[in-house]
Structure formats: structure tokens, C-alpha cells
Amino acid sequence: MSNEPGWETSVTKIEPNKIQLRGYPIDELMGKVPFPSVVYLALKGELPDEKIGRLMDIMLVSSVDHGATPPSTLTARTVASTGAPLNACIAAGILAINKFHGGAIENCMHFVKGVVAVADERDIPLQEAALQLVREKREGKQVIHGFGHRVHTKDPRTAKLLAAAKEAGVSGRYIEAMNAVQGAIHEVIGKDLPINVDGAIGGILCELDFPPELANAFFIMARVPGLVAQIHEEQTTMKPMRKIDPKNHHYVGPEDRHLD
């Protein structure tokens with residue numbers, strides 16, 4: 001046998017009758033710590049305070065579903081229509097989350113970090129750095145992710161996310177940079193492209209010091225329940241092997257209702 005030490009992990013410790021996540025017994029977390037806070041614990045290694053935990057909750061709820069038209073949903077429903085099992089349908093939907101769908105959060109994080117870095121390195125205001133980088137994107141005919149939306153002119157989720165970030169005390173330089181970019185886009189391109197849900201999440205994740213490579217994970221974690229609902233509906237109410245036209249559907253669920 002090799003005398004080399006085994007590989008190490010700091011995520012979970014499993015022993016007979018004992019399960020620990022980052023040192024905390026799972027059974028102690030159950031019923032006491034909300035799931036979004038446990039997600040934070042798993043990824044960051046420490047439990048968040050109450051306000052950050054609420055912010056995590058708001059971020060995950062914001063992307064739970066966005067109708068039948070997103071690529072991940074269409075992919076999952078198409079695979080479900082073939083008779084594939086649930087896990088295969090979910091996997092198909094998740095594999096459709098990529099550079100241009102869901103990946104906007106990661107792209108936005110890289111861009112806004114670049115704005116802050118340029119401002120700090122050159123000791124210039126964020127607005128000036130944003131103008132410079134937006135112009136470069138414009139000249140290169142590149143998309144600036146996190147702004148504008150194909151459906152919404154004013155994404156109703158963005159204001160809630162940014163307000164929660166401010167309440168949690170994490171509305172700092174990165175979110176300030178996001179606002180600077182929005183202004184720069186209007187000045188350079190001549191269009192009013194407000195921060196969308198991906199941009200708001202991207203700015204918040206920067207403030208929380210999450211690495212950009214985890215950005216897609218937040219979209220995936222949020223969207224899985226929505227995918228499961230869409231898949232189950234497809235498999236239980238639709239004929240198999242149908243041609244799915246994303247524009248030819250209408251809503252038949254509950255009418256408008258609100259929390260008390």
C-alpha cells in the first residue's frame with residue numbers, strides 16, 4: 001500500500017451517525033437555518049448573518065422560473081416529450097445554461113470587476129472607467145451583459161434585489177459601478193438599458209466576494225425547481241414527441257394573487 005497521504009476535503013465530514021457540513025452537524029442546521037443560508041455555508045465555509053441570508057434567499061427566488069420560452073426550459077420540455085426520465089430532462093435543461101443564457105451573470109461579474117479595477121489602477125472615477133470600457137465594448141461590437149431584457153423594460157426583480165443588497169450593507173463599489181455602466185451605456189449607445197436580474201445578481205455576488213466561476217451555479221440552483229415543474233407538466237399534460245412552439249402557448253394557472 002502507498003504511504004502517500006489521501007486527498008483532503010474541507011466541505012463535509014462523515015462518520016457513523018454523524019454528518020457535518022463545514023463543521024456544523026446537519027441535524028442541527030435542519031429546521032434552524034434556511035436553505036439559502038446553508039448554500040452560503042457550503043460555498044463560503046461560514047454561516048451568513050440574517051441579512052445576508054435573506055439576500056441569498058431573494059437571489060435564489062428571483063430566478064426560479066421565467067416561463068416556457070428560455071432555452072433551458074424549452075430544452076428540458078423537449079427532452080421530457082421524448083419520454084426521458086426526470087434526471088435526464090433536468091440535466092438537459094441545465095446543459096442549456098451557458099454563455100448567453102444564465103452565463104450573463106458571470107460575464108457581468110467580469111465586466112464590473114474590470115470597471116472597478118480600471119478605476120482603482122488609474123485613480124479615476126467609476127463613471128470615467130465605465131465610459132472607457134463601454135466604448136471599447138461598443139467598438140468591438142461586443143455585448144455588455146446584465147443590462148436590458150428581451151421581455152421587460154423595467155425588470156421588477158432588479159429593484160428588490162438592489163434594495164435588499166443595500167439593506168444587507170453590501171451595496172458598495174461594484175453596485176456603484178453597475179449604475180455607472182448603465183449611465184455609460186446610455187451616453188455611448190444612446191439606449192436606456194437598465195440593470196436586469198442577471199446584472200443585479202452579478203453585482204451582488206461581486207460585493208459578497210464570490211468568484212465569477214460560481215455565477216452559473218446560482219442560476220442553476222435557482223432554476224432547478226422551475227425546470228422540475230415544467231418537466232412534470234410536460235410529461236403529465238402533453239402528448240409525447242410534440243413540436244413545441246414557444247410562441248404558441250397561453251397561461252391557464254391561477255389568476256393574480258398576492259401575499260397577505
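Which residue, of 188, 134, 170, 143, is among the β-branched types (Val, Ile, Thr) and touching a residue at least 60 places away in the same chain (Cβ under 8 Å)?
On the way: 188 fails: touching a residue at least 60 places away in the same chain (Cβ under 8 Å); 134 fails: touching a residue at least 60 places away in the same chain (Cβ under 8 Å); 143 fails: touching a residue at least 60 places away in the same chain (Cβ under 8 Å).
Going through 188, 134, 170, 143 in turn, the sole match is 170.
Suppose the filter is part of a strand (DSSP E or B) and more than 19 Å from residue 197 (Cβ to Cβ); does residue 13 pass it? Break it down into steps so the answer makes sense when it comes.
Values: part of a strand (DSSP E or B): yes; more than 19 Å from residue 197 (Cβ to Cβ): yes.
So residue 13 fits the description; yes.
Consider only pairs whose beta carbons are under 7 Å apart and that are at least six residues apart or on different chains; among these, list those whose first residue lies in segment 60-85 and is more than 29 Å from residue 205 (Cβ to Cβ) and modelled with pLDDT under 95 and whose second residue is part of a helix (DSSP H, G or I) and not basic (Lys, Arg). As it stands, the answer is none, since no pair meets every condition given. Assessment of segment 217-237 against the conditions (free of Cβ contacts under 8 Å to residues at least 24 places away in the same chain, surrounded by fewer than 13 Cβ atoms within 10 Å (Cβ to Cβ) and either under 23 Å from residue 40 (Cβ atoms) or touching an Asp or Glu at 6+ places or on another chain (Cβ under 8 Å) (or both)) yields no matching residue.
Residue-wise test of (1) within 23 Å of the chain's Cα centre (by Cα); (2) closer than 17 Å to residue 204 by Cβ; (3) among the β-branched types (Val, Ile, Thr).
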site: 97; (1), (2), (3): yes, no, yes
site: 110; (1), (2), (3): yes, yes, no
site: 120; (1), (2), (3): no, no, no
site: 157; (1), (2), (3): yes, yes, no
site: 165; (1), (2), (3): yes, yes, no
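Among the residues that make up segment 239-247, is at least one of them in contact with a Lys or Arg (Cβ under 9 Å, 6 or more places away or on another chain) and not assigned by TED's automatic domain parsing to the domain that holds residue 77? Checking segment 239-247: at least one residue is in contact with a Lys or Arg (Cβ under 9 Å, 6 or more places away or on another chain) and not assigned by TED's automatic domain parsing to the domain that holds residue 77. Residues that are on the phi < 0 side of the Ramachandran plot, of a type outside the set (S, T, N, Q) and either at pLDDT below 95 or surrounded by fewer than 24 Cβ atoms within 10 Å (Cβ to Cβ) (or both) within segment 181-194 comprise 183, 185, 186, 187, 188, 189, 191, 192, 193, 194, listed in sequence order.
Select from segment 28-46 the residues that are basic (Lys, Arg) and under 20 Å from residue 18 (Cα atoms) and list them in ascending order.
We begin by selecting, within segment 28-46, every residue basic (Lys, Arg); these are 32, 44.
Within segment 28-46, 32 is the sole residue that qualifies.
One residue alone among 260, 256, 155 is surrounded by 16 or more Cβ atoms within 10 Å (Cβ to Cβ) and farther than 18 Å from residue 110 by Cβ, and that residue is 155. Residues in segment 186-217 that are among the small types (Gly, Ala, Ser) and in a loop (DSSP other than H, G, I, E, B): how many? Qualifying residue count, segment 186-217: 1. Here residue 143 meets each of (1) within 15 Å of the chain's Cα centre (by Cα); (2) assigned by TED's automatic domain parsing to the domain that holds residue 178; (3) aliphatic (A, V, I, L, M) with one exception, condition (1). The set of residues in segment 12-26 that are surrounded by 11 or more Cβ atoms within 10 Å (Cβ to Cβ) and more than 15 Å from residue 39 (Cα to Cα) comprises 13, 19. Filtered by the rule that a residue be of a type in the set (Phe, Trp, Tyr) and under 24 Å from the mean Cα position of the chain (by Cα), segment 1-46 gives 35, 40. Every condition in (1) in a helix (DSSP H, G or I); (2) of a type outside the set (A, V, I, L, M); (3) in contact (Cβ under 8 Å) with a residue 24 or more places away in the chain; (4) within 20 Å of residue 219 (Cα to Cα) holds for residue 51 except the one numbered (4).
The values are calculated or read from the model by the stated rules, or taken from the named source; none is laboratory data. Predicted model only: the values in this text are computed from it and were never measured. We place every Cβ from the backbone using ideal geometry, glycine too, and count neighbours over all the protein chains shown.
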